[in-house]
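The values are calculated or read from the model by the stated rules, or taken from the named source; none is laboratory data. Predicted model, so just to flag it, every value in this text is computed and none were measured. Note that each Cβ is placed from the backbone with ideal geometry, even for glycine, and that neighbours are counted across all protein chains shown.
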Amino acid sequence: MPKKKILITNDDGIYGPGLKPLEKEMSKVGQVFTIVSDQERSATSHSLTLHKPLRVHRISRQNYILSGTPADCARFGILHLLKGKADLVVSGINSGVNLGEDVIYSGTIAAAIEATLLEVPAMAVSRPAGNDCKDFIPAAKIAVDQKCPGCAGPGNRYRGF
């Protein structure tokens with residue numbers, strides 16, 4: 001049976017401290033593809049880039065940087081990189097929790113929501129602020145435990161924690 005295709009994105013960009021731990025843990029359960037914004041895009045909400053071209057840069061075989069928002073990254077990754085064959089989108093790990101009204105503004109959550117609009121199961125992962133990569137390992141392990149390739153369905157297409 002082929003490995004599930006997992007798309008990872010975030011709103012902290014390529015240098016986000018939660019990215020590498022999430023890639024490492026998710027690669028234990030699936031084939032990981034990463035596409036992130038070319039810069040920090042926190043609090044961009046669910047905006048899409050409409051009035052300028054999107055530029056994509058290949059970093060390695062399965063890692064890309066896009067000149068757009070986290071929602072652009074999820075959309076581009078699902079439709080163009082994985083040709084509609086993503087099994088799961090994981091957005092994060094965000095450095096800083098997304099609680100209460102923060103969910104309205106969060107680029108991390110917007111990327112997960114964009115995936116669900118494209119009928120791909122998704123989850124957004126965040127943890128309290130901090131930049132030490134080892135502090136993100138527990139959240140990455142929890143994300144692996146919460147993966148839900150079969151969770152798409154009425155009222156259960158988006159998971160955030």
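Residue 136 fulfils the conditions (1) surrounded by 24 or more Cβ atoms within 10 Å (Cβ to Cβ); (2) within 18 Å of residue 35 (Cβ to Cβ) except for a single criterion, (2).
Put simply, of 129, 110, 71, 115 the only residue that is among the hydrophobic types (A, V, I, L, M, F, W, C) and more than 15 Å from the chain's Cα centre (by Cα) is 129. Scanning the stretch 16-24 for any residue that is closer than 24 Å to residue 142 by Cβ, touching a helix residue (DSSP H, G or I) at 6+ places or on another chain (Cβ under 8 Å), part of a helix (DSSP H, G or I) and of a type in the set (Asp, Glu) turns up nothing.
The test for being modelled with pLDDT under 50, aliphatic (A, V, I, L, M) and part of a loop (DSSP other than H, G, I, E, B) does not hold for residue 129. Filter the stretch 59-75 for residues that are surrounded by fewer than 20 Cβ atoms within 10 Å (Cβ to Cβ) and among the hydrophobic types (A, V, I, L, M, F, W, C); which is nearest to residue 119 (Cα to Cα)? Step by step, filter the stretch 59-75, then rank; the result is 65.
Of the helices (runs of 4 or more DSSP H) contained entirely in the stretch 54-124, those carrying at least 3 residues that are touching a Pro at 6+ places or on another chain (Cβ under 7 Å) and touching a residue at least 40 places away in the same chain (Cβ under 8 Å) fall at 107-117. Just give me the residues in the stretch 43-68 being in contact with a strand residue (DSSP E or B) (Cβ under 8 Å, 6 or more places away or on another chain) and not aliphatic (A, V, I, L, M), in sequence order. Within the stretch 43-68, 55, 57, 58, 62, 63, 64, 67, 68 qualify. Scanning the stretch 1-36 for residues that are free of Cβ contacts under 8 Å to residues at least 60 places away in the same chain and of a type in the set (S, T, N, Q) gives 27, 31, 34. Can you report the number of residues in the stretch 84-108 which are surrounded by fewer than 21 Cβ atoms within 10 Å (Cβ to Cβ) and under 19 Å from residue 48 (Cα atoms)? Qualifying residue count, the stretch 84-108: 5.
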